[in-house]
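These notes concern the structure reproduced below.
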Amino acid sequence: MPITFDTLEELKAFYQAFSLNKTDTQHKQLDSTTEDEPEYPQPKKRGRKPGSRLNKTAVVQLPLKRGPKPASPNKADEPKPKRDKSNTLTAKIQNAIRGFLSASNAFTANDIYAILSKKDSTINKQSVITSVLKQMNSTFSEVSVTERPGNGPRPVKLYNA
């Protein structure tokens, strides 16, 4: 059914109330939806907007490249003192092995442990046996090795036999 207006003022009032302008229609639509629904505050968005900086006036300065540290004259002149290795477990094991070799006696890792445990009862048997095996493979690799059956599943290595 067509809409008819008797006067020009009615037409203008209708046009203002129901404006055909796009921006006005959007405002009317927004106004009509907000009147029906209660207005809730929008929660704040977290974080900063992309592209924004905290302090736009501050200029980010890259760290300058630094040269090598100057050598201290005291440390460069002094040679570093050697560490005393005479009291280490390895040194004690090597001394015990040399004792057996100088006497031309055959020995096992358990024999070395027996000698060292008499001097120091706090010594760890597993550490001694492991270290003896390593020493016999590296430092004393020229010493002859034979195997004999032991109490466990593996044979016992007999050195200098």
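Listing for the model above:
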quantity: Yes/no for residue 108 being touching a strand residue (DSSP E or B) at 6+ places or on another chain (Cβ under 6 Å) and either surrounded by 14 or more Cβ atoms within 10 Å (Cβ to Cβ) or among the basic types (Lys, Arg) (or both); calculated: yes
quantity: Segment 103-137 - residue that is under 16 Å from residue 89 (Cα atoms) and among the small types (Gly, Ala, Ser) and, of those, farthest from the chain's Cα centre (by Cα); calculated: 114
quantity: Out of 127, 102, sole residue that is exposed (fewer than 10 other Cβ atoms within 10 Å of the Cβ) and modelled with pLDDT of 90 or more; calculated: 102
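The values are calculated or read from the model by the stated rules, or taken from the named source; none is laboratory data. Because the structure is a prediction, the values reported are computed rather than measured. Note that we place each Cβ from the backbone using ideal geometry, even for glycine, and neighbour counts take in every protein chain shown.
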